[in-house]
Amino acid sequence: MRYGDKVAVDGLSLSVERDSITAVLGPNGAGKTTTLETCEGYRAPQQGTVRVLGLDPRADRRALLPRIGVMLQDGGAWSGVRAVEMLRHVASLHAHPLDVGMLVERLGLGECGRTPYRRLSGGQQQRLSLAMAVVGRPELVFVDEPTAGMDPQARRTTWALLEELRADGVTIVLTTHYMDEAEQLADQVHVIDHGRLIASGSPFQLTRGTGNSTIRLVVTEPFPPGAPDSLQAALGPDTEVRPVNEQSLMISGPADASTLATVSAWCQQHGVLPESLTLGQRTLEDVFLQLTGRELAT
Ligand SMILES: Nc1ncnc2c1ncn2[C@@H]1O[C@H](COP(=O)(O)OP(=O)(O)OP(=O)(O)O)[C@@H](O)[C@H]1O
């Protein structure tokens with residue numbers, strides 16, 4: 001998919017299992033929204049093929065629409081309509097909607113039910129949009145950045161609802177640039193960057209499947225020139241050293257006593273004072289950093 005000369009989605013190939021939560025994870029501008037909009041039928045693919053529940057999202061739109069739910073990034077409700085009225089209206093368009101009162105309760109929208117959409121906070125608008133996407137009991141829901149701008153409690157509420165929907169047999173495809181969201185929720189993660197797929201797997205496969213761990217070294221002053229290469233040479237080929245920023249490095253590989261001893265000795269030899277040396281399982285953030293050399297910062 002291109003916008004003028006800009007390639008937004010570049011030969012992306014991925015599939016989604018039924019009854020699962022799939023996260024399309026990537027930084028801003030990676031092509032997540034374009035991918036979702038193509039699956040939702042809002043954009044025609046300029047090349048390639050999209051099938052949703054076995055149907056063509058554009059040619060079979062009428063057949064598909066009652067079976068899918070879409071949560072748009074910018075809401076999708078009329079600005080003057082009260083939150084609960086909007087949800088009741090959307091529910092009335094479906095043959096077998098979920099109970100509106102239950103959804104309002106589940107998503108903590110009770111207190112703002114009579115508030116016009118435009119006066120809701122960003123997080124409340126997000127939760128209403130999610131409710132609108134799922135109230136029709138879709139088989140498949142596309143949710144674009146479901147918890148962007150939400151406070152921690154609203155995020156947990158939203159995650160819990162998405163997990164309940166999956167347990168009820170709803171297939172969920174979500175985009176996110178929050179690693180913790182993907183790790184917490186997703187059965188399958190597709191990591192994309194610059195419109196390309198750079199890794200796929202369960203969070204477990206992506207973070208722990210290799211058996212490797214991660215050591216993060218943060219130092220009190222910027223590293224001397226050439227530090228990553230020199231530490232890499234000291235550690236040998238079984239580990240991979242990646243600069244994170246001028247005072248932080250990530251080391252992937254066997255996190256054993258010998259690696260830690262080598263890192264400490266290297267710090268001593270180079271007059272570098274560690275501020276922290278943390279050992280842990282790889283996170284999706286580490287995976288992204290390892291694959292791209294960049295942090296998945298938002
Ligand atoms: N309508 C448009 N016209 C021109 N360029 C666009 C348009 N929509 C998206 N782009 C560009 O295409 C690329 C992919 O955008 P897209 O919105 O799909 O990414 P994203 O991963 O969803 O990003 P975000 O997390 O910021 O929503 C970006 O470089 C973006 O600037």
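The values are calculated or read from the model by the stated rules, or taken from the named source; none is laboratory data. None of these values were measured; they are calculated from a predicted model. Glycine also receives a Cβ, built like all others from the backbone with ideal geometry; neighbour counts cover every protein chain displayed.
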statement: Exception for Arg137 within (1) of a type in the set (Lys, Arg); (2) surrounded by 20 or more Cβ atoms within 10 Å (Cβ to Cβ); (3) within 19 Å of Pro97 (Cβ to Cβ) falls at (2)
- prompt: Scanning segment 31-51 for residues that are under 22 Å from the mean Cα position of the chain (by Cα) and outside any helix (DSSP H, G or I), which turns out farthest from the ligand (Cβ to nearest atom)?
  reply: Arg51
message: Quick check on segment 144-166: of everything there that is of a type outside the set (Gly, Ala, Ser), crowded, with 17+ Cβ neighbours inside 10 Å and not in a helix (DSSP H, G or I), which residue is modelled with the lowest pLDDT?
response: Met150
Residues satisfying the stated conditions in segment 1-15, i.e. of a type in the set (A, V, I, L, M), part of a loop (DSSP other than H, G, I, E, B) and either surrounded by 18 or more Cβ atoms within 10 Å (Cβ to Cβ) or near the ligand (Cβ under 9 Å from one of its atoms) (or both): Met1, Ala8, Val9, Leu12
- prompt: Here is a list of conditions, (1) within 18 Å of His190 (Cα to Cα); (2) touching a Ser or Thr at 6+ places or on another chain (Cβ under 8 Å); (3) not β-branched (Val, Ile, Thr), and Trp159 meets all of them except one; can you say which number that is?
  reply: (1)
field: Residue that is farthest from the ligand (Cβ to nearest atom) [pool: residues in segment 139-150 that are farther than 19 Å from Asn28 by Cβ and touching a helix residue (DSSP H, G or I) at 6+ places or on another chain (Cβ under 6 Å)]
entry: Glu139
- request: Kindly indicate which of Ala160, Ala182, Ala154, Ala167 is small (Gly, Ala, Ser), within 16 Å of the ligand (Cβ to nearest atom) and either free of Cβ contacts under 8 Å to residues at least 12 places away in the same chain or assigned by TED's automatic domain parsing to the domain that holds Leu98 (or both).
  value: Ala182
message: I need the strands (runs of 3 or more DSSP E) fully contained in segment 209-279, keeping only those with at least 3 residues that are of a type in the set (A, V, I, L, M, F, W, C) and touching a helix residue (DSSP H, G or I) at 6+ places or on another chain (Cβ under 8 Å).
response: 213-219, 248-253
task: Just name the residue that is surrounded by the most Cβ atoms within 10 Å (Cβ to Cβ) out of those in segment 289-298 that are out of contact with any helix residue (DSSP H, G or I) (no Cβ under 6 Å at 6 or more places or on another chain) and more than 14 Å from Arg216 (Cβ to Cβ).
output: Thr292
statement: Residue pairs within 7 Å by beta carbon, gap of at least six or interchain, first lying in segment 1-28 and within 16 Å of Val141 (Cα to Cα), second among the polar types (S, T, N, Q) and within 10 Å of the ligand (Cβ to nearest atom), listed first then second, are Ala23/Thr176; Val24/Thr35; Val24/Thr175
- prompt: For segment 80-134, how many residues meet the condition of being free of Cβ contacts under 8 Å to residues at least 12 places away in the same chain and either of a type outside the set (A, V, I, L, M) or over 16 Å from Leu162 (Cβ atoms) (or both)?
  reply: 10
task: With the condition kept exactly as written, say whether any residue in segment 56-67 is away from the ligand (no atom under 16 Å from the Cβ), under 20 Å from Gln188 (Cα atoms), more than 14 Å from the chain's Cα centre (by Cα) and surrounded by 15 or more Cβ atoms within 10 Å (Cβ to Cβ).
output: no
message: Show the residue pairs meeting these rules: Cβ distance below 7 Å; 6+ apart or different chains; first residue within segment 190-208 and within 18 Å of Ser252 (Cβ to Cβ) and outside any loop (DSSP other than H, G, I, E, B); second residue more than 13 Å from the ligand (Cβ to nearest atom) and among the basic types (Lys, Arg).
response: Thr207/Arg282
